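Peer 1: Sharing a structure here in structure tokens format.
Here, each number is a calculation from the coordinates, and none is a lab measurement. Since the model is a prediction, treat every value here as computed from it, not as a measurement. Here the Cβ positions follow ideal geometry from the backbone for every residue, glycine too, while neighbour counts run over all protein chains shown.
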Amino acid sequence: MNWISEWALPKIQTWLGRTEVPDNLWHQCPACNQMIFHKDLERSLHVCPHCGHHMRISAAQRIAYTLDEGFQRIELPKAPTDPLRFRDQRRYADRLKEAQAKSGMDDAVVVAHGAIEGHRAVAAAFEFGFMGGSMGAGVGEALVTAAKLAVLQDAPLVVFTASGGARMQEGAVSLMQMPRTVIATQMVKEAGLPFIVVMGDPTTGGVTASFAMLGDIHIAEPNALIGFAGARVIEQTVREKLPEGFQRAEYLLAHGILDMVTHRGEMRATLARLVSLLREKRPAEVAVAAPEAPAA
Ligand SMILES: [Zn+2]
């Protein structure tokens, strides 16, 4: 068999003048198993055109799909890496290096500033591919930077979450990022700026238990898994069968945890509308902001 694939096939392809066909031209939808051509997938923002399944996308794609052209990515301050010199089957330092090489990122969050349909905004996006989007000191640092930038630029903060929770390899340091990110997003609120959280699949653990549930507006993508502990753990603890669709975006919307479930194709327009509504000055406020000059 080997001589066919290694010798005969390339020969035939050379005679036919055919070039090697990359094997990632077609993607299989994990929900409905249909094949999707890669160009169609890009055009549909990685939502299956057959069943509407929202596939996981990278932090860079999130930013590109949300902000207008000409946005700028922010250089993030360095955080202490591997404070505990942690090791399980492998050293945490090695895992971190591997994730950095694979993603080209320092840690699991990208921060950028620009505009959403003309409205100034700061956006931060989690990269689930980077150690499950887990929140350690680096992610905490990124969110603090994003919040400070929003305040400095007098712009709303939009955070796209996709995380398995706290980064256990950083132990207590990762847990400290929970109050830290809460304080950071509180700064945005105190400055009177909107803080919007867009929850992607999955948003769980320490991220759900901190800043992600404290947004002014909570949006999620269809069928996104959002929760604190896993369904199996809860089932074993309460010894009860959990209802259908438990911890899914639609269930949480029906139970008041979310404000809206929005299709990825409409996310940008929805965010632009929200920002414009929240930032619109009411006539009374305008009058207070610009008092008439007293007569001399
Ligand atoms: Zn599908």
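Peer 1: What residues have an amide H closer than 5 Å to that of Ala166, excluding those fewer than 5 places away on the same chain, when H is modeled at 1.01 Å from N in the peptide plane?
Peer 2: HN-HN under 5 Å from Ala166: Met135, Gly206, Val207.
Peer 1: Based on alpha-carbon centroids, what's the gap between region 230-280 and region 87-120 in Å, whole number please?
Peer 2: Centre-to-centre distance over Cα atoms comes out at 25 Å.
Peer 1: Then there's this: Express in nm, to one decimal, how much length is gained between Arg91 and Ala172 on full extension, taking 0.36 nm for each residue of separation and deducting their alpha carbon distance.
Peer 2: Separation in residues times 0.36 nm, less the Cα-Cα distance, equals 27.4 nm.
Peer 1: Looking at the P(r) of region 66-162, how many percent of alpha-carbon pairs lie beyond 16 Å? Display every interim value, and only then the final one.
Peer 2: Values: 2646 of 4656 pairs.
Tail of the P(r) past 16 Å holds 57 percent of the pairs.
Peer 1: Turning to a different aspect of this structure: Name the lysines eligible as straight-distance cross-link partners of Lys78: C-alpha to C-alpha under 19 Å, and not fewer than 8 places from it in the same chain.
Peer 2: The reachable lysines, counting only those whose Cα sits under 19 Å from Lys78, are Lys97, Lys102, Lys148.
Peer 1: What is the calculated FRET efficiency for Val182 to Glu42, with r their C-beta to C-beta distance and R₀ = 25 Å, to the nearest 0.05?
Peer 2: 0.10
Peer 1: Still on this structure, I have one more. Once the Cα atoms of helix 171-190 and of the chain are each reduced to a long axis, what angle between those two axes, in degrees from 0 to 90 to the nearest 10, is obtained?
Peer 2: The angle comes out at about 50 degrees.
Peer 1: At what distance in nm do the modelled label points of Ala229 and Ala64 sit from each other, each positioned 7 Å from its Cα along Cα→Cβ?
Peer 2: It is 4.0 nm.
Peer 1: Non-local amide H neighbours of Ile217 (under 5 Å, H modeled in plane, Pro and chain starts lacking H): which ones?
Peer 2: Sorted by chain and number, the residues that satisfy this are Phe195, Val197.
Peer 1: Based on the Cα atoms of the chain, what semi-axes does the equivalent ellipsoid have, where each is the square root of 5 times one gyration tensor eigenvalue, given in whole Å with the largest first? Provide the component values of the computation, followed by the final result.
Peer 2: Numbers: eigenvalues 286, 130, 98 Å².
Calculated on Cα positions only, the semi-axes equal 38, 25, 22 Å.
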